[in-house]
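Take a look at the structure set out below.
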Amino acid sequence: MNINWAVIIFALNKPMGKVILKNIRIYAFHGCMEEEEKIGSDYIVNLKVDAPMEMASRTDELEDAVDYVSLNAIVKEEMSVRSKLLEHVAQRIVDKIMGQFDEVESVEVSVAKQNPPIGGDMDEVCIRLKEER
């Protein structure tokens, strides 16, 4: 049996890159309090996706890339579905990306609620989730 070690080494050390969507601004209705459901809040979502980029960088074809337009659409779609907890909406974003893009190796998402109604002087509360295959 002939083993092509070059192919195996390349597969194990495939060039990785990041797709980063920074400061996606969304108005949504997440939270445990009744008024949050009615009046909503401003949110900022940040997303980092690790994926191999060699093919896209060589072919210049969208079908060989992790399309950031599709990533943005996933964030908007999942943010439009009300959750009590930011952790829950963030996990839905991660799950959807991992399910839709087989080539994605990891996803990191942060969801920040601007001016949260928690009786303190702060800009935001934020959660961050990271998942790897």
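The values are calculated or read from the model by the stated rules, or taken from the named source; none is laboratory data. Please read all numbers here as calculations on a predicted model, not as lab measurements. Note that we place each Cβ from the backbone using ideal geometry, even for glycine, and neighbour counts take in every protein chain shown.
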Which condition number in (1) hydroxyl-bearing (Ser, Thr, Tyr); (2) in a loop (DSSP other than H, G, I, E, B); (3) within 16 Å of the chain's Cα centre (by Cα) is the one that Tyr43 fails?
-> (2)
Considering (1) at pLDDT below 95; (2) among the charged types (D, E, K, R); (3) within 19 Å of Glu132 (Cβ to Cβ), say which one Glu37 fails and leave the rest.
-> (3)
Residue check: is Val111 within 20 Å of Phe29 (Cβ to Cβ), β-branched (Val, Ile, Thr) and under 16 Å from the mean Cα position of the chain (by Cα)?
-> yes
May I ask you to list pairs of residues, at least six apart or on different chains, whose Cβ atoms are under 8 Å apart, with the first in region 23-34 being assigned to a loop (DSSP other than H, G, I, E, B) and the second being loosely packed, with under 10 Cβ neighbours inside 10 Å and at pLDDT below 95?
-> Phe29/Lys38
Restricting the first residue to region 79-102 and requiring it to be in contact (Cβ under 8 Å) with a residue 60 or more places away in the chain and assigned to a helix (DSSP H, G or I), which pairs with a second residue that is small (Gly, Ala, Ser) and exposed (fewer than 15 other Cβ atoms within 10 Å of the Cβ) meet a Cβ separation below 8 Å and a spacing of at least six or different chains?
-> none
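Name every residue in region 103-125 that is assigned to a strand (DSSP E or B) and more than 19 Å from Met79 (Cβ to Cβ), in order of residue number. Outline the logic, then answer.
Narrowing region 103-125 to residues assigned to a strand (DSSP E or B): 106-114, 124-125.
Passing the criteria: only Ser106.
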